[in-house]
1. Being within 9 Å of chain C (Cβ to nearest Cβ), touching a strand residue (DSSP E or B) at 6+ places or on another chain (Cβ under 7 Å) and closer than 20 Å to C:ASP262 by Cα: is that true of E:LEU196 here?
2. Taking segment D:92-125 on its own, how many of its residues are assigned to a helix (DSSP H, G or I), small (Gly, Ala, Ser) and surrounded by fewer than 24 Cβ atoms within 10 Å (Cβ to Cβ)?
3. I'm trying to understand the selection: among the residues of segment D:12-40, which are among the polar types (S, T, N, Q) and open to solvent by less than 30 Å² (accessible area, probe 1.4 Å)?
4. Identify the residue in segment A:134-173 that is within 9 Å of chain D (Cβ to nearest Cβ) and among the basic types (Lys, Arg) and, among all such residues, is least open to solvent (accessible area, probe 1.4 Å).
5. Quick test for you: out of A:GLY56, A:GLY136, pick the one residue that is among the small types (Gly, Ala, Ser), in contact with an Asp or Glu (Cβ under 8 Å, 6 or more places away or on another chain) and within 16 Å of ligand 4 (Cβ to nearest atom).
6. Go through (1) open to solvent by 30 Å² or more (accessible area, probe 1.4 Å); (2) at pLDDT below 90 one by one and return the number of the condition C:GLY116 breaks.
7. Restricting to segment D:22-70, and then to whatever is away from chain A (no Cβ under 14 Å) and among the aliphatic types (A, V, I, L, M), can you tell me which residue is nearest to ligand 3 (Cβ to nearest atom)?
8. Give the residues of segment D:198-237 that are on the phi > 0 side of the Ramachandran plot and either within 16 Å of ligand 3 (Cβ to nearest atom) or of a type outside the set (Gly, Ala, Ser) (or both), sorted by residue number.
Amino acid sequence: MLVLDKLTTHYGSSQALFGVDLRLEAGQVATLLGRNGMGKTTTINSIMGIVKPSGGSITFDGQELVGQASFKTANLGLGLVPEGRQIFPNLTMMENLIATASNHLGHPDPWTVEKVFALFPELETRISSMGNLLSGGEQQMLAIGRALMTNPKLLILDEATEGLAPLVRQKIWHALSEIAAQGMSILVVDKNLKDLLRIADRHFVIQRGRVEWQGSSAELEANDEVRQKYLGF
Amino acid sequence: MTRRSWLTLAVMALLAVLPPVFYLTGNPYYLDLATRLAILAIAAVSLNLILGYGGLVSFGHAAFVGLGAYAVGIPAHHWLYGGLDFLATTSGLVQIPLAVAVCALFALVTGAICLRTKGVYFIMITMAFAQMIYYLIVSIEEYGGDDGLVIDTRSELPVVNLDNPLHLFGLSYVALVVAMLLVRMIVRSRFGMVLQGAKGNPERMVTLGFNVYAYRLTAYVISGAMSGFAGALLGNFTTFISPEMMDWSRSGELMFMVILGGAATTLGPVLGAIVFIVAEEALSSFTIYWHLPFGLMLMAVVLFARGGLMGMLRGRGEDRE
Amino acid sequence: MDFSLLIIQALNGVQLGLLLFLVASGLTLVFGILDFVNLAHGSLYMMGAFICASLTFLFGSFVLAVLVALPLTGVLGFLVERFVARPLYDRDHLDQVLGTFGLILVLDTLAHLIWGPAGIAVPLPGWLQGQIAMSETLVIPTFRLVIIGAGLGAAAGLFWLVNHTRLGMLIRAGASNRTMVSALGIDIQTLFALVFALGAMLAGLAGMLIAPITEASIGMGNNIIITAFVVIIVGGIGSMKGAFIAALMIGLIDTMGRSFLDDLFKLFMSSDAAENSAPAVSAMLIYIIMALVLSLRPQGLFPPRTR
Amino acid sequence: MSVVLDIAGLNKSFGGIKATDDLNLSVEAGELHAVIGPNGAGKTTLISQLCGTQTPDSGRIRFKGRDITGMKPYARAHLGITRSFQITSLILEMSVIDNIALAVQARDGHSFRFIRAARKIAPLRREAMALLQRVGLADKAELPTGALSHGEHRHMEIAIALGAQADLMLLDEPMAGLGIEESAEMVTLLRDLKGKHSILLIEHDMDAVFALADRISVLVYGHIIATGTPDEIRSNDAVQHAYLGEE
Amino acid sequence: ETVKIGFVTTLTTGAAVIGKDMQNSVNLAVEHLGGKAGNLDLEVIFADDGFAPETGKQATDKLVKQDNVDFVAGYIWSHVLLASRKSALDAGKFLISANAGPSQIAGKLCNENFFSTSWQNDQTPMAMGEVLNRQGVKSLYVMAPNYAAGKDMVSGVERTFKGEIVGKDLTKWGADAQLDFSAELAKAKASGADGLFVFYPGAAGGAFMKQYDQAGLKDMLPLYSVFTVDALSLPKLQAANLTGVLGSRTTQEWDPTLDNAANKKFVADYKAKYGAYPSYYGAQSYDAIMLIASAVAKVGNTTDKDALRAALKAADFDSVRGNFKFGTNNFPVENFYLREAVVDADGVWTTKVVETVFEDHIDSYAADCKM
Ligand SMILES: Nc1ncnc2c1ncn2[C@@H]1O[C@H](COP(=O)(O)OP(=O)(O)OP(=O)(O)O)[C@@H](O)[C@H]1O
Ligand SMILES: Nc1ncnc2c1ncn2[C@@H]1O[C@H](COP(=O)(O)OP(=O)(O)OP(=O)(O)O)[C@@H](O)[C@H]1O
Ligand SMILES: [Mg+2]
Ligand SMILES: [Mg+2]
């Protein structure tokens, strides 16, 4: 479904990605793992067209994404929960949800505000709060809801549960598994490896702008060396 | 030394040598041009302290220049026409400190109010105060209203004779160099670091324990006083002082010099002043429609040269100052 | 003080206020919402006036001219967005100020080259030319009422657009975080271009409406742009409601100041002193208001709920 | 042990929302006191009131015996209170080391010093560099802060908090955004600090909280429902229900 | 050898209409002279003051120091002239104002090398005050921009007008000048005055006239203006068919209908060449060139300053005003006429002389001039 081939990206004159290769099948839940500053966010932003790759290719359902305007990429069915939440501060919580909502691909059972509230009841009482006044955790929930409202085929979450209380975290993992079960693919960055091992099918470990290792949860659990070397425990 | 320091030295050396050479070879007009340029560059350098390094975009800086000029003009006016004997003098040793003091005071009072606001609100409130001063002076008939003040006499100073164009240029040039060094010293000092930090993230600076407001106000007063000094020179240069000197479009021009040359750099404002004035002079002698190419030039610089001319000239790997 | 004069002056103030609103609303859209400082907004106002003036003579009808000139100024706004504004969205305000100042010089000089320095007086059709007598002493030029109507109509439309449509939400969202709006599947570039064109049309409309009263002249935009900035600052940048209320407030205070300040001053100073100081103070009035408002409320009267 | 921070009857509401509701809390000298609670419980709001960027509606805050309730933020910083931000708040245009150096500079009196170049003041630089070394960013010292990744920014936040050498450190989710290894390093670092400084820690990473805290307070809807040792809190039913879930 | 004349006027901004008219007239004068002043070639260098004193002063400096002209002429605006005066006179050049006439230069600051081919600011409104007396106007409403010349105009009319001034508005001027006069016109109407006196030069004049017309005040509040209804505003007003302006009264020292040979030639050739009536700005500029040329022709060179000065003072040239002579302060001693806006035989809107108000009028500051 999503294929990255020798993807390279530069920030000005400094290179951040040195040829990322990655392959994600439909319906899979995959993770990007790696220490701070290794290029996870850069990979994701390159896929979304937020930063412009300097080489390589990205295809989604056979369509080339490199060079594509970011909104066109999104309309092909990619939904993003960005690092740092990026809630629209001057819109109310409700407006944040509906402003960019769409159902381009004609999902038969599209996401609605009600479904999001069922997932995150905490949000419902804050409908008319301005985005920037929400607490950190509330913003994170909203960011996930907002991405779901675009009814994507592939949901990408960067630091999916940063700042969320343990209870909410559990709920999100649960929800993600459920969503995946309904056929949505998911690419997630997070640091709660325990949880990720449980829900993900495939893991990609990024080290200095390259995918150094990939494999299933079972393989990763079994492979102490990789964990030591790239993840640090 | 970096490429940039060499450039600064070269430009300043040219600015010191060329105008007198023009003057002595029978082109006195270009000396005048250079004097005006140096004076405006002082104002631009002082504006750069708060605009470039402090992130405080003052859109009323011409008011300081104008006030400085009136601080020279009003004593001279009374000396010529009588009235207010305690003020009447032609001594530069009174007029120039007066200009600096008046502007510092004006900066202190208006800055105390303006600095409560941020961003574009700050831009506009500084302009509002400048406009108030503008209309105030326009309404004082004693000082010529909008016709302005004609002073037939320049400030009397020891050593230099301002009626001699070479002396006037020399004084302006030296003042410019001093102003540049002063600003450079300030921005590199601990005070300057706080000022620049507050530009990037005032909230963080406050939680670190810096009273951002007080630091900004201090910078604002320093900058205003320096511009007042430039105004005193300008009054002497033109021997004619008009409220038009503090019109908002003049403040705009000072801003443009800073941005054009490159904000938050030592040479930037001077380079901006040079390009601005030389382009104005050169283009306007071709056609009365010179605003068209001039406007296109401004747009081109903005669109294609990030960080102004200094940004364009910045060598690879050389960081900002 | 004469009561009907007071009413006439109030209406004059409202009319000035609404005209200011037309200019300020476009400015606040582009500035408050696209976060782009467009000093050349006033030049679009001027271009609107000149285009409409030329077309009035071409068609022989002011109304027809306005109808054709409106989309033309929209197209002009579109071009300005494409070639000047768009490359500058990511830059800081200062670059935008410098770039659009350059644009002012270009547009003013172009207007000088195309239409000459003289300016054009725009004739009104007979039915707009006259006055309406509301009572014996209350007589108002018809056209001023037309301006009031147009201003109110535009205000209502804008208010609805920005606050009650999804387009409005997107525009506001785009103002705070363009990248994110785009990453969520919205073609923000086209959206911004449309908003910019809308702003240009509003400014152009104001120019068209003022041209029959003053005239189309070079530099007319530079006179109004400062006042329009004062309006949106006093109202709170990006707030349509703020722009509306501040425009009316400034229109009224300015008009009332011009009409009654000298009488007011005569109450407590000599009539000579009053006659001298009243015009000076009334010229300063809008700046005094702005400084006062900002020293009490540093974000204007109606700060947008966040920034 | 002496009480460093003492909060009594603090209230703060936003419109209808009570973000802080009759809150009482004290932090003792050298203690690491963790505050946990669901999202939106009012933890960040509490910190903002402590460092002075928000004013409480009512209540009293004492620091080292002194009432600081109405004091300006910069004055509190001088008394020895520092905070780190939940959403990183750095000076992106400045280099990494300048950011840290400013924190060090803030500590030694006022900065109305115009003559000497700040970058030439060796003690400032040296200390800033040492701090960067401590959080593992020494090799990025001269880069512009904007060019660092999210996690690296979090490290800088900590370095700044350290640089201020405050008596009371208010840390708002310092582990957020850190990688697995980096989180572990942070725990070591904080363990090191505790005892020397009083720390009020807000964190959703329960492994870290339970490993570090001397005492834990649980904040729900602006109100503290329980305070105790880690073990007491872990076994508290109400806390389990409101916050921890089936860990 | 050539005679170099620097001519400073406004060529950009809206006020360039005036500058254009002056430039046209200067070019016509040079053409009429065959490009020669006596044996010497005439060269005119035009410079733009951008409607701003500092720019005007710079332009003057450049003409004097770089182009090394023999005469500096032109100047529409008082403040530009005041700012530039020192630059020209200190360099020993002759300075000839073709329009601006601030009181300082007529009085205390008068100079032997300064000459005016126009008037002192107060004279035209003083003539208007006299007209108002003659027409039996008892109460007057006054409007003018709030700047030095505006105030001069008001005090000028106050000096001679014997009735009562029932209201006065000084409106905002400058970069953001006020052009909408609804409030003031409403007040003027409510004041019940017999007449309305205004001074709105340049673009503001057109704006004012339109609103006066739209407010329907023509019959209620007759208009008496100075420097407002002229050959520059009338064509625009005619294009917009604002008939309210016809019949309004204005005073001036010159009119296209003045009956002398020089004027007939000037007006006819100007109309033929530029397709419109010249304005008094043009007439004064034409005279300025003719004055300079007559002096240079008489002396035969540009180096003998004393001889040139005497020749200038003698003013031996065919002025479009008929007789031309200077007073002690080098301002003209001249007639002032009452003019009315009318439609000419070809249907073009213009002015014609109704009566002579002052004969050989001397301005009130001449006495202050120690020369
Ligand atoms: N805007 C930028 N300009 C220059 N360099 C950048 C920029 N953003 C990131 N980098 C550099 O690129 C590298 C990869 O950054 P990236 O944000 O992709 O890391 P990450 O794996 O997402 O890390 P984290 O877990 O900390 O979020 C880092 O070394 C960072 O310093
Ligand atoms: N300035 C404000 N105006 C209105 N509501 C606010 C404001 N600041 C915070 N709130 C609300 O107050 C509540 C408490 O917010 P706070 O940020 O303190 O939560 P928190 O405990 O830090 O949560 P998290 O763990 O998610 O960061 C939230 O519901 C938030 O929406
Ligand atoms: Mg990242
Ligand atoms: Mg929080």
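1. No: the conditions fail for E:LEU196.
2. Total meeting the criteria: 2.
3. D:THR20, D:ASN39
4. Only one residue tops the list, namely A:ARG169.
5. The match here is A:GLY136.
6. (1)
7. D:LEU32
8. Correct list: D:TYR221 only.
The values are calculated or read from the model by the stated rules, or taken from the named source; none is laboratory data. Given the structure is predicted, the values throughout are model-derived calculations rather than measurements. All Cβ positions, glycine included, derive from the backbone under ideal geometry; neighbour counts span all protein chains shown. For accessibility, only protein heavy atoms count, side chains too; no ligands or nucleic acids. Shrake-Rupley method; radii C 1.70, N 1.55, O 1.52, S 1.80 Å.
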